[in-house]
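Presented below is the structure to which this report refers.
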Amino acid sequence: MAKPPSFLSAKAVGSFAYLTIKDRTPQILTRAIDTLHRHKNEFFEKHGEEGVEAEKKAISLLSKLRNEIQTDKPIVALVEDCADTDLWNQHLEYQCSLLNESNGQPSWFRSPWLFVECYMYRRLHEAIIQSPPINDFDVFKESKDQNFFESQESITALCTYLQELIGTIEDLDETQLKNEFFKFLQISLWGNKCDLSLSGGESSSQKTNVMNSLEDLKPFILVNDLEHLWLLLSKCKKTREETSIDRVYIILDNSGFELVTDLALADFLLTSKLATEIHFYGKAIPWFVSDTTVHDFNWVIEQMKCCNHKWMSKCGIDWENYIKVGRWVYHDHMFWTLPHEYSAMPQIAPNLYAELQKACLILFKGDLNFRKLTGDREWDFTVPFHQALNGFHPAPLCSIRTLKAEVQVGLQPGQGEQLTASEPHWLTTGKYGIFQFDAPL
């Protein structure tokens, strides 16, 4: 089999990876430092002088990290003893071995972009956990919460639509049900535009009602495998035994508005009987600015439940109940915040791979998941998705992402080149989206 192409990296001056490491990453750290500084009084009130000293220590560690990036210093081993520390440091040794021939050391602009970007967020987490008693502080929480509050109008419209549909869902024929299924998937896709790491932590809320734009947005879906998803889940529904379980796994991306679109999709899947259980995977630590943690997951549902809008509140109550009765299950696993591509999962996290094999369908939300699925490499646009997955085939899966990184596979011949000619930055603006499906052969 041919050797896979090179990893994307910040070595390529002017590339999206280069601009991320050069500009966006230091900007994200600056905002994290500002957030800590703004909470100084709160830390003092909670913890006294010890809280203020902890804030100073965390800021000092983050300032040092920012300087290391800006001066392209070598990547150093993690020092704080956590469950994932050895795996991270082993992966750093592996990165060193790749560079041994050129006598180099892994560094911010020389090493694979996927590795160094993940490493930055893990170092940021290390700076916080090295600063007790503020070691459980989420520097990104404010911006995630703000995204939710600023997207209220869109959330209200979505909840109203969902609840009114649930009232009549038994009356829908198969074609109508399929159309609604496609609609909720498309809402979940365009919800993925709300990514705070792309904007360096600046607000990226959904202020317009995406429901009204679905027809207009269809031409921007470059790979559309929705039919495959319908065929798969409708077959599961038709052949289901009374006691059998059909699980759909959603590997979450952003909190805020996107999370609400994912929860609305999950509700529809249960109500339409296209699935009997939904399992969600979030991140074990704050990650890529806006990624969903268990705190964010529970917080969003609580906010919905306590809202004074009838249908938003009804969604929150229903969703909390799904969790109570075990029809929705939230998990996290440290593998999702390691730097490894997903083809390494059977070796690094065999328990997680075995869990995913129980799914009838796995939905991978967002760009980072796609980058890890495909190894974040310089693939030709026409390389089949199945090939780029490099042996990662736990169950039928679908990537649902708006494009925000310079990697895309499975396009028609000439499609990528045509887009590049008309829109040089089509891969990174979030304007285009995909539903890219693969099933084990």
Checking the conditions here, which among Asp376, Asp380 is surrounded by fewer than 19 Cβ atoms within 10 Å (Cβ to Cβ) and either in contact (Cβ under 8 Å) with a residue 60 or more places away in the chain or among the charged types (D, E, K, R) (or both)? Asp380
Within region 81-105, tally of residues that are modelled with pLDDT of 95 or more, over 21 Å from Thr374 (Cα atoms) and of a type outside the set (Asp, Glu): 5
Which numbered condition trips up Trp299, out of (1) closer than 30 Å to Thr25 by Cβ; (2) outside any helix (DSSP H, G or I)? (2)
For region 350-373, give me the residue count where each residue is over 11 Å from the mean Cα position of the chain (by Cα), more than 12 Å from Gln436 (Cα to Cα) and part of a helix (DSSP H, G or I). 7
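Please work out which residue is most open to solvent (accessible area, probe 1.4 Å), limiting yourself to region 421-435 and to residues that are touching a helix residue (DSSP H, G or I) at 6+ places or on another chain (Cβ under 9 Å) and outside any strand (DSSP E or B).
His425
Of the residues that sit in region 326-346 and are open to solvent by less than 10 Å² (accessible area, probe 1.4 Å) and in contact with a His (Cβ under 9 Å, 6 or more places away or on another chain), which one is nearest to Asp262 (Cα to Cα)? Break it down into steps so the answer makes sense when it comes.
In the first step, residues of region 326-346 are kept if they are open to solvent by less than 10 Å² (accessible area, probe 1.4 Å); the result is 328, 335-339, 342, 345.
Among the residues that remain, those that are also in contact with a His (Cβ under 9 Å, 6 or more places away or on another chain) are: 328, 337-339.
Details: Trp328: 12, Thr337: 20, Leu338: 23, Pro339: 24 Å.
Once the filter is applied, the top-ranked residue is Trp328.
Answer with yes or no whether Ser272 is modelled with pLDDT of 95 or more, open to solvent by less than 10 Å² (accessible area, probe 1.4 Å) and closer than 25 Å to Leu368 by Cβ. Break it down into steps so the answer makes sense when it comes.
Details: modelled with pLDDT of 95 or more: yes; open to solvent by less than 10 Å² (accessible area, probe 1.4 Å): yes; closer than 25 Å to Leu368 by Cβ: no.
Spelling it out, it is not the case that Ser272 is modelled with pLDDT of 95 or more, open to solvent by less than 10 Å² (accessible area, probe 1.4 Å) and closer than 25 Å to Leu368 by Cβ.
Is it the case that some residue within region 270-283 is among the small types (Gly, Ala, Ser) and part of a helix (DSSP H, G or I)?
Taking region 270-283 first, the residues among the small types (Gly, Ala, Ser) are 272, 275, 282.
Going one step further and asking which of them are part of a helix (DSSP H, G or I), we end up with none.
Taking every residue of region 270-283 in turn, none turns out to be among the small types (Gly, Ala, Ser) and part of a helix (DSSP H, G or I).
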Could you please let me know if His386 is in contact (Cβ under 8 Å) with a residue 12 or more places away in the chain and part of a helix (DSSP H, G or I)? yes
Quick one: how many residues across region 31-73 are in contact (Cβ under 8 Å) with a residue 24 or more places away in the chain and either among the aliphatic types (A, V, I, L, M) or not in a helix (DSSP H, G or I) (or both)? 13
Among the residues of region 347-363, is there at least one that is surrounded by fewer than 21 Cβ atoms within 10 Å (Cβ to Cβ), of a type in the set (Lys, Arg) and out of contact with any His (no Cβ under 6 Å at 6 or more places or on another chain)? yes
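The values are calculated or read from the model by the stated rules, or taken from the named source; none is laboratory data. If you're wondering where the values come from, they're calculated on a predicted model, not measured in any experiment. For neighbour counting, all protein chains shown are included, and Cβ atoms are generated from backbone atoms with ideal geometry for every residue, glycine included. Side chains included, ligands, DNA and RNA excluded: accessible areas come from the protein's heavy atoms. Shrake-Rupley method; radii C 1.70, N 1.55, O 1.52, S 1.80 Å.
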